[in-house]
Structures are given as structure tokens and as C-alpha cells.
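Participant: I'd like to ask some things about the structure below.
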Amino acid sequence: MRVAVFSTKPYDRDFLDEANATAGHDLVLLEPRLSVETAALAAGADAVCAFVNDDLGEPVLDRLAASGVRLVALRSAGYNHVDVAAATRLGVTVVRVPEYSPHAVAEHCVGLMLTLNRRIHRAHNRVREHNFALTGLLGFDLHGKTVGVVGTGKIGVCVARIMAGFGCRVLASDPYPNPEALAVGVEYVPLKTLLAESHVVTLHCPLTPETHHLIDEERIAQMRPGVMLINTSRGALVDTRAVIRGLKTGRIGHLGLDVYEEETELFFEDLSDQMLRDDDFSRLSTFPNVLITGHQAFFTQEAMHNIAATTIANLDAVERHGPDGVTGPARVC
Ligand code: NAI
């Protein structure tokens with residue numbers, strides 16, 4: 001199958017080439033992000049392979065379908081960036097990688113918690129300048145604290161398990177309680193209770209119309225003063241401006257982000273010699289109690305290997321058996 005692979009970096013090439021060695025698909029590796037402007041690069045391809053910040057809205061899908069693309073293979077679990085109704089109408093099958101390493105994301109999430117709490121990022125910079133003073137580095141024991149996990153699917157349950165291991169009380173909110181979470185002692189409570197009682201709130205639900213700006217002004221006001229908020233899920237779960245106000249008043253004591261509402265224009269690129277035009281991001285970067293990583297929580301060898309292997313397996317299945325070759329959670333539409 002001829003596949004136009006968008007948003008590729010050298011590391012994607014390595015893992016995809018390895019997974020494709022025996023399958024032998026004709027992968028056309030493209031650096032640009034998929035957008036209305038770049039969709040024409042898929043001309044002649046049977047399928048498009050896309051990543052998290054590629055645009056799969058209706059205008060792009062219209063162009064892809066018109067050029068003969070019948071399959072979109074996502075190299076991600078989340079598919080909030082796909083207009084599923086438009087894909088269905090156009091007869092474009094969409095498949096994804098429903099699970100590649102929940103541990104990768106969960107471990108990065110806990111890394112953000114520990115770094116923020118013990119100010120490891122600041123301590124590292126101080127020690128490099130031979131400043132061994134501890135003032136300003138005071139943290140708290142996670143042991144005995146309450147951690148609220150919003151969304152206890154594959155990633156949320158890993159986070160719950162790790163935090164239970166730290167000796168935390170773990171609360172959770174999810175419309176579908178997970179027996180694996182219950183087995184590690186997680187207590188399901190309404191979101192309002194979770195926000196009121198948690199010292200750390202961590203988000204692991206998908207971005208949907210219902211969860212857009214789940215954390216807004218009103219929900220921030222329900223949180224414990226000085227709460228630590230972590231978002232490794234999708235940027236738009238959080239109303240960035242409301243969070244900035246929460247940081248300024250001190251209601252939010254620590255903020256750890258691996259995702260950002262307007263990350264499409266920023267993340268995955270080296271912009272170090274450019275002027276940043278995003279004022280909200282610039283403001284966030286000025287707080288000493290904010291730690292931001294550029295959507296790297298998934299980025300482990302194991303996850304990259306699994307993403308490539310499942311993507312190639314999805315392509316194989318559709319090539320051999322048609323759209324119905326992919327079933328279950330890997331099939332979006
Ligand atoms: P999952 O589908 O296994 O779990 C999501 C859970 O959220 C489900 O249990 C669902 O019932 C729950 N949920 C849905 N709406 C909710 C709501 N309003 N309140 C509370 N819970 C709700 O998904 P998984 O694999 O755990 O991934 C979670 C999210 O993590 C993905 O949607 C994706 O956006 C993000 N992600 C981020 C990565 C990164 O590199 N930063 C990498 C992979 C995923």
C-alpha cells in the first residue's frame with residue numbers, strides 16, 4: 001500500500017522502517033504537518049498516516065478523499081483531531097493505535113509531579129551555578145496526600161497504581177469505574193469532591209465536546225488552595241487563561257503540562273531562534289511553579305516501537321481484508 005506519512009521526524013523514520021521491513025508498504029515519509037495546504041502531498045497515495053497535531057478536519061478529508069485516499073492510519077490513541085462524521089460520509093476508514101504504552105505517559109506524569117514538588121528543575125540550575133542554597137526548594141511528602149485521577153482508562157489506572165504505591169489516597173472520577181482501579185484501592189467520587197479533596201489533580205480523560213475546558217474558572221474555584229494540576233492528556237481539557245488567573249491568585253500552587261491548548265503551532269519544532277507570538281504560553285513560562293514539556297509523555301522506545309508496529313499491522317489488515325480488517329478499539333470509523 002502507498003502511504004503518505006505526515007509529520008515525520010528522523011526518529012519516526014527509524015521505528016517505521018524497522019516495523020515495515022517485512023511488510024514492505026511504500027511509505028512516503030513527509031516532514032510537513034497535514035493541513036489544507038499540504039494535503040496535495042498525498043496525491044497518488046492509498047492511505048495517509050497522521051500524528052496528533054495533523055489537521056483531519058472536513059476540508060482536509062474532502063481533499064484527501066478526492067485524491068483517492070481511502071484510509072487514515074493514526075499514529076496516536078487520541079482522535080479528537082479527526083472529523084469522524086466527515087470521514088464516515090466520505091467513506092474514509094480511520095484506524096488508530098489504541099494502546100502503545102500507558103506506562104510511558106503515566107511515568108512522565110509522575111515525573112512532572114515529582115519535579116514540580118521538589119523543584120528539581122530549579123535545583124539542577126542552581127547547582128550548575130554552584131548555588132547550593134535550599135531556600136525556595138521546600139516540597140511536601142506525597143505519602144499520605146490525596147491524588148485525584150480524572151479518567152481511569154489505560155493511562156489513569158497506571159497513574160493510580162503508581163500513586164497508591166507512594167502511599168497516597170487515590171480518588172477518581174470516571175463515568176465508567178475501572179475494576180483494575182478499584183483493585184488498587186481507588187475511591188470513585190463525584191468530580192466536585194475530587195477537586196475539593198485532592199492535593200494533586202491529574203487529567204487522563206479524552207478531549208471530547210463534553211470535556212472541552214473541563215478545568216475552567218468554576219472548577220478551579222472548587223479546588224484545594226495550592227493544588228498541583230497536571231495535564232498530560234489534551235491541552236483543551238484546560239482553559240489556559242483561567243489557569244493563568246488561578247496561578248496568579250495562588251489557588252493553583254503548581255502546574256505541570258505536557259500538552260497545551262494551542263500547541264499545534266509550537267510543539268515538535270525547534271523554534272529557539274524565533275519570537276514566540278503566543279502570549280498565554282509566554283505568560284505560563286514566566287511562573288516558577290509551572291513546568292511544561294512539549295508533548296513528550298509518549299516518547300519512550302517501547303511506545304515508539306509499539307506505535308510503529310500497530311500502525312503497520314493496521315495497514316496490513318486493511319490491505320488484506322479491506323476496511324473491516326481492523327475491528328475493536330483500533331477502528332475509529
Ligand atoms: P482510555 O480511553 O483508556 O481512557 C480514558 C478514560 O477517560 C475512560 O475510562 C473514560 O471512561 C474516561 N472519561 C471519559 N470522559 C470522562 C469525563 N468526562 N470525566 C472523567 N473520565 C472520563 O484512554 P487512555 O489510553 O488512558 O488515554 C487518555 C488520554 O491520554 C487520551 O485520550 C489522550 O488524549 C492522552 N494521551 C496523551 C499522550 C501524551 O503523549 N501526552 C499519549 C497518549 C494519550
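The values are calculated or read from the model by the stated rules, or taken from the named source; none is laboratory data. Just so it is clear, the model here is predicted, and its values are computed rather than measured. A quick note on method: Cβ atoms are made from the backbone with ideal geometry, for glycine too, and the neighbour counts reach across all protein chains shown. These area figures cover heavy atoms from the full protein model, side chains too; ligands, DNA and RNA do not enter into them. Shrake-Rupley method; radii C 1.70, N 1.55, O 1.52, S 1.80 Å.
Participant: For the range 221-236, enumerate the residues that are under 14 Å from ALA196 (Cα atoms), surrounded by fewer than 22 Cβ atoms within 10 Å (Cβ to Cβ) and within 16 Å of the ligand (Cβ to nearest atom).
Facilitator: GLN222
Participant: Restricting attention to the range 144-183, which residues are more than 19 Å from SER101 (Cβ to Cβ), open to solvent by 30 Å² or more (accessible area, probe 1.4 Å) and touching a helix residue (DSSP H, G or I) at 6+ places or on another chain (Cβ under 8 Å)?
Facilitator: ASP174
Participant: Of the residues LEU142, LEU138, which single one is within 25 Å of VAL227 (Cβ to Cβ) and within 27 Å of the chain's Cα centre (by Cα)? It would help to see each step written out before you state the result.
Facilitator: Values: LEU138 fails: within 27 Å of the chain's Cα centre (by Cα).
Among LEU142, LEU138, only LEU142 is within 25 Å of VAL227 (Cβ to Cβ) and within 27 Å of the chain's Cα centre (by Cα).
Participant: For the subset of the range 323-333 comprising residues that are surrounded by 15 or more Cβ atoms within 10 Å (Cβ to Cβ) and among the small types (Gly, Ala, Ser), which member is farthest from ARG2 (Cα to Cα)?
Facilitator: If we filter the range 323-333 for residues that are surrounded by 15 or more Cβ atoms within 10 Å (Cβ to Cβ), which is where we start, we get 323, 325-326, 330-333.
In the following step, the residues that additionally are among the small types (Gly, Ala, Ser) were identified as 325, 330.
Numbers: GLY325: 17, ALA330: 20 Å.
Filtering first and then ranking leaves ALA330.
Participant: Take the conditions within 24 Å of VAL105 (Cβ to Cβ) and either open to solvent by less than 40 Å² (accessible area, probe 1.4 Å) or not assigned by TED's automatic domain parsing to the domain that holds HIS81 (or both) and apply them to SER272. Does it pass? Spell out how you get there, then give the answer.
Facilitator: Numbers: within 24 Å of VAL105 (Cβ to Cβ): no; either open to solvent by less than 40 Å² (accessible area, probe 1.4 Å) or not assigned by TED's automatic domain parsing to the domain that holds HIS81 (or both): yes.
It is false that SER272 is within 24 Å of VAL105 (Cβ to Cβ) and either open to solvent by less than 40 Å² (accessible area, probe 1.4 Å) or not assigned by TED's automatic domain parsing to the domain that holds HIS81 (or both).
Participant: Something else about it: For ASP239, state whether it is open to solvent by 40 Å² or more (accessible area, probe 1.4 Å), farther than 14 Å from GLY148 by Cβ, assigned by TED's automatic domain parsing to the domain that holds PHE281 and within 20 Å of the chain's Cα centre (by Cα).
Facilitator: Answer is no for this residue.
Participant: Name every residue in the range 82-122 that is among the small types (Gly, Ala, Ser) and surrounded by fewer than 17 Cβ atoms within 10 Å (Cβ to Cβ), in order of residue number.
Facilitator: Step one: of the range 82-122, the residues among the small types (Gly, Ala, Ser) are 85-87, 91, 101, 104, 106, 111.
Listed by number, the residues that qualify are ALA85, GLY91.
Participant: Give me a count of the residues in the range 41-75 that are within 15 Å of VAL95 (Cα to Cα), part of a loop (DSSP other than H, G, I, E, B) and open to solvent by less than 60 Å² (accessible area, probe 1.4 Å). I'd like the intermediate steps shown before the answer.
Facilitator: Taking the range 41-75 as the starting set, the residues that turn out to be within 15 Å of VAL95 (Cα to Cα) are 46-52, 54, 56, 61, 69-75.
Subsequent filtering for residues that are part of a loop (DSSP other than H, G, I, E, B) retains 46, 51-52, 54, 69-70, 75.
When the remaining residues are screened for being open to solvent by less than 60 Å² (accessible area, probe 1.4 Å), the result is 51-52, 54, 69, 75.
Counting residues in the range 41-75 that are within 15 Å of VAL95 (Cα to Cα), part of a loop (DSSP other than H, G, I, E, B) and open to solvent by less than 60 Å² (accessible area, probe 1.4 Å) gives 5.
Participant: Sticking with this one: Output the qualifying pairs, or none if there are none: Cβ atoms under 8 angstrom, residues six or more apart or on different chains, first residue in the range 201-212 and within 22 Å of MET228 (Cβ to Cβ), second residue of a type in the set (Asp, Glu) and within 10 Å of the ligand (Cβ to nearest atom).
Facilitator: Qualifying pairs under 8 Å: CYS205/ASP174.
Participant: Ok, one more. Output the residue which, of all residues in the range 104-146 that are closer than 21 Å to SER173 by Cβ and in a helix (DSSP H, G or I), is nearest to the ligand (Cβ to nearest atom).
Facilitator: VAL105
Participant: Under 7 Å between Cβ atoms, at least 6 apart or on separate chains: pull out the pairs that start in the range 116-131 with a residue that is in contact (Cβ under 8 Å) with a residue 40 or more places away in the chain and end on any residue that is of a type in the set (Phe, Trp, Tyr) and surrounded by fewer than 16 Cβ atoms within 10 Å (Cβ to Cβ).
Facilitator: Qualifying pairs under 7 Å: ASN117/PHE140.
This table checks each residue for (1) assigned by TED's automatic domain parsing to the domain that holds LEU116; (2) within 21 Å of VAL243 (Cα to Cα); (3) within 9 Å of the ligand (Cβ to nearest atom).
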| residue | (1), (2), (3) |
| --- | --- |
| GLY148 | yes, yes, no |
| GLY156 | yes, no, yes |
| SER173 | yes, yes, yes |
| LEU182 | yes, no, no |
| TYR188 | yes, no, no |
| LEU194 | yes, yes, no |
| CYS205 | yes, yes, yes |
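Participant: Of all residues in the range 279-322 being in a helix (DSSP H, G or I), surrounded by fewer than 21 Cβ atoms within 10 Å (Cβ to Cβ) and among the aliphatic types (A, V, I, L, M), which is nearest to the ligand (Cβ to nearest atom)?
Facilitator: Step by step, filter the range 279-322, then rank; the result is ALA303.
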